[in-house]
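Colleague: To start, I am sharing the structure in question, which I have written as C-alpha cells.
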Amino acid sequence: MRKRGFQAPGLGLPPTSDGGEQAVVIKGRGATANPASRFLLRHSEAVSDGWAAEEEASVPDLATELFPDATRRLITRNSSPDVPFDRSINPYKGCEHGCIYCFARPTHAYLDLSPGLDFETRIFYKTRVREALIEELGKPGYRCATLAMGTNTDPYQPAEKTQRVTRAVLEVLLEHDHPVSIVTKGQLILRDLDLLAELARRELVSVAVSVTTLDRDLKTRLEPRAAGPEARLRVVEALCRSGVPVAVMVAPVIPFLNDHEIESIVAAAAAAGATGANYILLRLPHEVKDLFRDWLAEHYPQRAERIMSAIRASRGGKAYDAAWGRRMRGEGVFADLIARRFAKALKRHGLDGEHRPALRTDLFRPPGSSQMDLF
C-alpha cells in the first residue's frame, strides 16, 4: 500500500532561483527534471541560499539503483479494445533506457517516485518469478492466450543482464508450451536465442523490435541508454536467421523530428529480414507531456513549438487524447498523412502491417498436468 504524503529525497539537481530542481541535461539520461509524484500531498523543494553557488551549479552523476518488487501477481490483465492482447508480464518497473517519450513514465508516480529521472534510475525487478508464474498458469480457471512482454517497460533493459527475470519467464513458458510476444529495443534479447528459437519452432513466439530512428545523434538524445539503430537491425537479422518471426515497430513517430524517416526505417527493416512493421504516434500522457516539452526546450528549442503544434493538431487540440481507437494513431491531416505514407512504404517493401503471426495455444500444458489427465 502506498504511503500518501511521502516524497523520496531529491536527486540533487541545481536549484532554480525560485526553488525547485532546475532542468539540466545529464549525460546518459533522458529526462531533464525530476518532478514529484502527482499523488503526493506534500512536496519539498530545494532553495538556493546563495552560500554554496559553486556546489549547487554542479550536475550529479546519477547511478542506477535496483530494488526488489515483491508483487504477488505476475500476470497483469487488461480489457483495452485497441491492443491485441489481454494479459502481459512486465518484469521491471522503470526503465534505464531513459527514453524521454516513454508512456510508462507516469506509473512511477504510484510508487511515490518521479516519472522523470527516478523512472530511469530507480528500477524495480520482479521476485519469485518462476514460482509465481507456475502458480498462475496452474490455476483451474486459467485459459491459455498469448502473453505479452515489453508492453510497459523493456524486458531487455540493462538490469536484465544480472537479474534474468525475462529469461526466467521464458523458461517457464517454454516448459509448458505457452505462447508469448515480445517488444524490445534491447540487444540483450540475443542472449536468449536458445529459448526463442525453440519457442519459434513450436510456433509459440513473435518479436517486435522498436526502431525509432536511424540517426545515431537523435537516438542518443531520445533514448540515451538503448542500443543504437545499427545494433537493433542486427538483432532483427539474428532473430530471423534463428527462425523467430520478427517485425519492426516505428514507435513513436514524432512530427518534424523523426517522421521523415518512416520510409527509410521500413526499408531497413525489410532489408534486415523483418516480415512486418507497424507504428505508433507519439503519446504524452500525464507527466510525459511536460517532461517532453522540457526535453525539446533543451535539445531542439527552435523546433519545439512547431513539434508541439503538430502534436496538438493530431490530438484534438490537446497534448494527448487517451480515447481508445485514437490514442495510438491520432487524427487529423497530419495523422492521416502518416498513415498513408506508412501504408505505402509497407506495400513497396512487401511487409505485413498487422505484424503479429497467430501463435499456437493448443499445445499448452498446465503445470501439474500429465498425459493421463487426458483420459
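Colleague: With the requirement that a residue be open to solvent by 30 Å² or more (accessible area, probe 1.4 Å) and free of Cβ contacts under 8 Å to residues at least 60 places away in the same chain, what does the range 233-251 give you? Spell out how you get there, then give the answer.
Modeller: Start the filter on the range 233-251 by keeping residues that are open to solvent by 30 Å² or more (accessible area, probe 1.4 Å), which leaves 233-234, 237, 240-243, 245.
Of everything in the range 233-251, those that are open to solvent by 30 Å² or more (accessible area, probe 1.4 Å) and free of Cβ contacts under 8 Å to residues at least 60 places away in the same chain turn out to be Leu233, Arg234, Glu237, Cys240, Arg241, Ser242, Gly243.
Colleague: Scan the range 112-144 for residues that are out of contact with any helix residue (DSSP H, G or I) (no Cβ under 8 Å at 6 or more places or on another chain), open to solvent by 10 Å² or more (accessible area, probe 1.4 Å) and over 14 Å from Arg365 (Cα atoms) and jot them down. So that I can check it myself, show each step before the final result.
Modeller: Step one: list which residues in the range 112-144 are out of contact with any helix residue (DSSP H, G or I) (no Cβ under 8 Å at 6 or more places or on another chain), which gives 112, 117, 120-121, 123, 127-128, 131-132, 135-136, 138-141, 143-144.
Next cut, open to solvent by 10 Å² or more (accessible area, probe 1.4 Å) only: 127-128, 131, 135-136, 138-141, 143-144.
Answer for the range 112-144, where residues must be out of contact with any helix residue (DSSP H, G or I) (no Cβ under 8 Å at 6 or more places or on another chain), open to solvent by 10 Å² or more (accessible area, probe 1.4 Å) and over 14 Å from Arg365 (Cα atoms): Thr127, Arg128, Glu131.
Colleague: Run down Arg315, Arg326 and say which single residue is in a loop (DSSP other than H, G, I, E, B), open to solvent by less than 40 Å² (accessible area, probe 1.4 Å) and either among the charged types (D, E, K, R) or on the phi > 0 side of the Ramachandran plot (or both). Explain how you work it out, then say what you get.
Modeller: Working: Arg326 fails: open to solvent by less than 40 Å² (accessible area, probe 1.4 Å).
Answer to the check: Arg315.
Colleague: Looking only at the range 202-229, how many residues end up being in a helix (DSSP H, G or I) and either open to solvent by 60 Å² or more (accessible area, probe 1.4 Å) or modelled with pLDDT under 95 (or both)?
Modeller: Narrowing the range 202-229 to residues in a helix (DSSP H, G or I): 216-222, 229.
With the extra rule that they be either open to solvent by 60 Å² or more (accessible area, probe 1.4 Å) or modelled with pLDDT under 95 (or both), the set shrinks to 216-217, 220-221.
The total comes to 4.
Colleague: Taking interchain pairs and intrachain pairs at least six residues apart, which have beta carbon atoms under 7 angstrom, with the first residue in the range 323-348 and more than 13 Å from Leu281 (Cβ to Cβ) and the second surrounded by fewer than 13 Cβ atoms within 10 Å (Cβ to Cβ)?
Modeller: These pairs meet every condition: Trp324/Ser80; Trp324/Pro81; Trp324/Asp82.
Colleague: Would you point out which residue out of Leu195, Leu174, Leu188, Leu199 is assigned to a helix (DSSP H, G or I), under 26 Å from Glu230 (Cα atoms) and open to solvent by 20 Å² or more (accessible area, probe 1.4 Å)?
Modeller: Leu188
Colleague: Among the candidates Pro285, Pro357, Pro367, which residue alone is touching a Leu at 6+ places or on another chain (Cβ under 6 Å) and modelled with pLDDT under 95?
Modeller: Details: Pro285 fails: touching a Leu at 6+ places or on another chain (Cβ under 6 Å); Pro357 fails: touching a Leu at 6+ places or on another chain (Cβ under 6 Å).
Result of the check over Pro285, Pro357, Pro367: Pro367.
The values are calculated or read from the model by the stated rules, or taken from the named source; none is laboratory data. Bear in mind that the values here come from a model prediction, so they are computed numbers and not experimental data. Every residue, glycine among them, receives a Cβ derived from its backbone with ideal geometry; neighbour counts consider all protein chains shown. All accessible areas refer to the heavy atoms of the entire protein, side chains included, with ligands and DNA or RNA removed. Shrake-Rupley method; radii C 1.70, N 1.55, O 1.52, S 1.80 Å.
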